[in-house]
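Input: a single structure, listed below in structure tokens.
The values are calculated or read from the model by the stated rules, or taken from the named source; none is laboratory data. Not measured: the values here are computed from a predicted model. In this analysis, Cβ positions are derived from the backbone assuming ideal geometry, glycine residues included, and neighbour counts consider all displayed protein chains. Quick note on the areas: whole protein, heavy atoms, side chains included, nothing else; ligands and nucleic acids left out. Shrake-Rupley method; radii C 1.70, N 1.55, O 1.52, S 1.80 Å.
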There are 2 protein chains.
Amino acid sequence: MSATTLYHASFTVERLYPASPARVFACFAKEEKLRRWLVEGEGWSVDAFRHDFTIGGRDHSAFRWQKGPLITNDGVYHDIVDNERIIISYSMAMEGKIFSASLLTHTFEARDGGTLLTLTEQGTYYSDPNAAKGREEGFLGLLAELGKEAERD
Amino acid sequence: MSATTLYHASFTVERLYPASPARVFACFAKEEKLRRWLVEGEGWSVDAFRHDFTIGGRDHSAFRWQKGPLITNDGVYHDIVDNERIIISYSMAMEGKIFSASLLTHTFEARDGGTLLTLTEQGTYYSDPNAAKGREEGFLGLLAELGKEAERD
């Protein structure tokens with residue numbers, strides 16, 4: 001009956017940053033910092049970026065790679081504990097057609113004078129059995145960008 | 001650093017109902033039906049129940065067992081396809097203190113003249129390593145209530 005097969009998967013990625021939990025956390029809390037590491041970059045254009053970093057608040061971004069299809073990301077914050085934890089759920093769509101919904105849990109722990117950031121994504125991915133693997137690889141690139149942002153004043 | 005340990009887990013429960021997908025789906029779509037099987041019941045009191053069954057819409061309920069603590073449930077719909085699929089994420093709190101955040105995917109499939117409902121919960125549960133098991137058992141009870149509601153005119 002359904003034309004869409006749904007795949008459920010989860011993965012965890014972590015990265016140790018030589019910056020305090022407060023500095024790493026600020027990369028999620030502050031709109032201009034989040035925007036830089038999450039959606040900006042050479043070849044990408046950002047059509048919309050809204051950030052309401054409160055429990056129950058919503059994020060919305062719309063962006064595309066060169067002249068590619070419009071990608072949108074719509075999230076809501078389920079929990080925020082300063083410098084310690086962020087839980088957001090979000091869906092992604094291409095040209096208005098949803099292709100995933102995920103719960104993304106972030107924890108920030110002081111470690112070796114820096115911060116261990118751990119991300120666990122638990123998601124439902126549409127049609128593509130390899131989507132979670134691709135998402136995980138995408139996060140590894142994003143976490144490298146986040147590291148540059150954490151060093152920035 | 002964090003006083004709260006987070007546990008990630010997922011489970012799937014399914015149930016075959018002798019009712020059409022449209023009838024089973026209506027138990028989620030219609031506020032008075034959802035309220036009956038989800039939060040009402042002898043011994044429970046419902047302090048609040050709001051239902052906005054649209055993509056991006058929010059649900060909110062607040063209820064307690066007898067004179068117990070106030071439990072709240074705050075959800076947002078990530079995807080809705082009539083008679084086929086519902087994806088909601090939600091957090092639960094006791095007296096304002098969040099104790100879980102979950103992504104809940106429902107699929108409705110015509111099967112043997114009835115409907116196979118499959119629920120997959122992927123969640124982050126606070127402090128209690130057995131929380132997902134308890135949640136799964138809770139859903140089994142709720143799905144029995146849903147079955148009664150699906151038979152109701």
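What is the distance in Å between the Cα centres of segment B:108-153 and segment B:46-72?
Centre-to-centre (Cα) distance: 17 Å.
Starting from segment B:53-153, pick out the GluC sites (Glu not before Pro) whose DSSP state is loop and whose Cβ has at most 14 other Cβ atoms within 10 Å.
B:95
May I have the convex hull volume per residue, in Å³, for the Cα set of segment A:6-150?
Dividing the Cα hull volume of segment A:6-150 by its residue count gives 98 Å³.
Rolling a 1.4 angstrom probe over the protein heavy atoms, how many square angstrom per residue are accessible across the protein assembly as shown? Intermediate values should be presented prior to the final figure.
Details: 14630 Å² over 306 residues.
Ligands and nucleic acids excluded, the figure is 48 Å² per residue.
With 24 Å as the limit, write out which pairs from B:67/B:148; A:30/A:67; A:97/B:133; B:30/B:67; B:67/B:97 have Cα-Cα distances beyond it, or answer none.
B:67/B:148; A:30/A:67; A:97/B:133; B:30/B:67
Give, as a single signed number, the net charge of other residues whose beta carbon lies under 13 Å from the beta carbon of residue B:123, with Lys and Arg counted +1 and Asp and Glu -1.
-3
Hey, in the GNM for chain B with a 10 angstrom Cα cutoff, which one of B:127, B:61, B:91 fluctuates hardest?
Evaluated over chain B, the most mobile residue of the options is B:127.
Compare B:70, B:143, B:103 in a GNM of chain B, Cα atoms joined below 10 Å, and give the one with the largest fluctuation.
In the Gaussian network model the winner is B:70.
Report the A-B buried area as the accessible area lost on both sides summed, probe 1.4 Å, in Å² to the nearest 100.
For chain A against chain B, roughly 2500 Å² becomes buried.
Mind checking which of B:52, B:82, B:112 has the largest fluctuation in a GNM of chain B, springs on alpha carbons under 10 Å?
Taking springs between Cα atoms under 10 Å, the residue moving most is B:112.
How much net charge surrounds residue B:134 when only other residues with a Cβ under 15 Å from its Cβ are counted (Lys, Arg +1; Asp, Glu -1)?
-2
Report, to the nearest whole %, how much of the accessible area of the protein assembly as shown belongs to carbon and sulfur atoms, 1.4 Å probe, protein only.
50
Starting from the Kirkwood radius over alpha-carbon pairs of the protein assembly as shown, derive D by Stokes-Einstein at 37 °C in a medium of 0.692 mPa s and give it in µm² s⁻¹.
161
Filter the trypsin sites (Lys or Arg not before Pro) in segment B:52-119 down to the DSSP loop ones having no more than 10 other Cβ atoms within 10 Å, then list what survives.
Answer by residue number: B:67.
Using the charge dipole of segment B:1-149 (Lys, Arg: +1 at Cβ; Asp, Glu: -1 at Cβ; taken about the Cα centre), state which of B:70, B:141, B:89 has its Cα farthest towards the positive end.
Result: B:70, furthest along the dipole toward the positive end.
5 Å is the cut-off here: which amide hydrogens, built 1.01 Å from N in the peptide plane, fall below it relative to residue A:19, excluding neighbours closer than 5 in sequence?
HN-HN under 5 Å from residue A:19: A:115.
In a shell of Cβ-Cβ distance under 15 Å around residue A:9, excluding residue A:9 itself, what net charge do Lys and Arg (+1) and Asp and Glu (-1) give?
-3
Please go through segment B:1-49 and write out the trypsin sites (Lys or Arg not before Pro) that DSSP classes as loop and that have at most 15 other C-beta atoms within 10 Å.
Sites meeting the loop and neighbour criteria: B:30.
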